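The values are calculated or read from the model by the stated rules, or taken from the named source; none is laboratory data. In this text, all values refer to a predicted model and were calculated from it rather than measured experimentally. Positions of Cβ are generated from backbone atoms using ideal geometry, with glycine treated the same way; all protein chains shown enter the neighbour counts. With ligands, DNA and RNA removed, areas are computed over all heavy atoms of the protein, side chains included. Shrake-Rupley method; radii C 1.70, N 1.55, O 1.52, S 1.80 Å.
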Amino acid sequence: QVQLVESGGGLVQPGGSLRLSCAVSVSISRLLSMGWYRQAPGKQRELVARVTAASNTNYADSVKGRFTISRDNAKNTVYLQMNSLKPEDTAVYYCNVQLWPLTYWGQGTQVTVSS
């Protein structure tokens with residue numbers, strides 16, 4: 001069983017920044033991939049950013065150039081640095097990891113971008 005604990009969400013003004021953290025209960029070197037998804041009210045959950053075990057990354061077109069996913073193997077933590085935030089980034093953000101053959105989700109952290 002893998003436990004994920006997210007933190008870092010909150011209320012921020014447009015143009016501001018937040019950094020989300022996801023602490024993983026197992027060595028992240030064992031994981032196939034780690035990522036962040038988000039779900040806005042009335043919308044489907046969507047991929048925001050993902051990093052694989054080989055350090056390949058991919059991002060949603062809507063966040064490219066603004067968000068950066070990274071990981072700290074020593075801390076077993078994956079981060080999502082979010083810059084130049086927009087109101088449309090408002091959503092619950094979920095950490096997701098894949099440890100073959102299972103996928104695990106965090107409890108979600110709310111990000112609200114509003115003036």
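Remarks
- For the chain, the share of accessible area belonging to carbon and sulfur comes to 48 percent (1.4 Å probe, ligands and nucleic acids excluded).
- 3J(HN,Hα) couplings calculated from phi for the stretch 48-65 with the Karplus curve 6.51 cos²θ - 1.76 cosθ + 1.60 (θ = phi - 60°) are, in sequence order, 9, 7, 8, 10, 8, 4, 8, 6, 7, 10, 9, 10, 5, 4, 5, 10, 4, x Hz; Gly and Pro show x.
- Local electrostatic count at TYR104 - Lys and Arg +1, Asp and Glu -1, tallied over other residues with Cβ under 13 Å: 0
- Label point 7 Å beyond Cα of TRP100 along Cβ direction - residues of the stretch 45-81 with amide nitrogen under 20 Å: 50-58
- Relative packing of 80-86, 18-24, which averages over residues the other C-beta atoms within 10 Å, highest first: 18-24, 80-86
- For the chain, size of Cβ-based charge dipole, Lys and Arg +1, Asp and Glu -1, in debye: 120 debye
- With a cut-off of 9 Å between beta carbons, the residues surrounding ARG66 carry a summed charge of +1, where Lys and Arg count +1 and Asp and Glu -1.
- For the chain, accessible area per residue (1.4 Å probe, heavy atoms of protein chains only), Å²: 52 Å²
- Toward the positive end of the charge dipole of the chain, with +1 on the Cβ of Lys and Arg and -1 on the Cβ of Asp and Glu, the farthest Cα among GLY106, ALA23, ALA40 is that of ALA23.
- For the stretch 32-46, 3J(HN,Hα) computed residue by residue from phi via the Karplus equation (6.51, -1.76, 1.60; θ = phi - 60°) reads 6, 7, 9, x, 10, 10, 9, 9, 8, x, x, 10, 7, 5, 10 Hz, glycine and proline entered as x.
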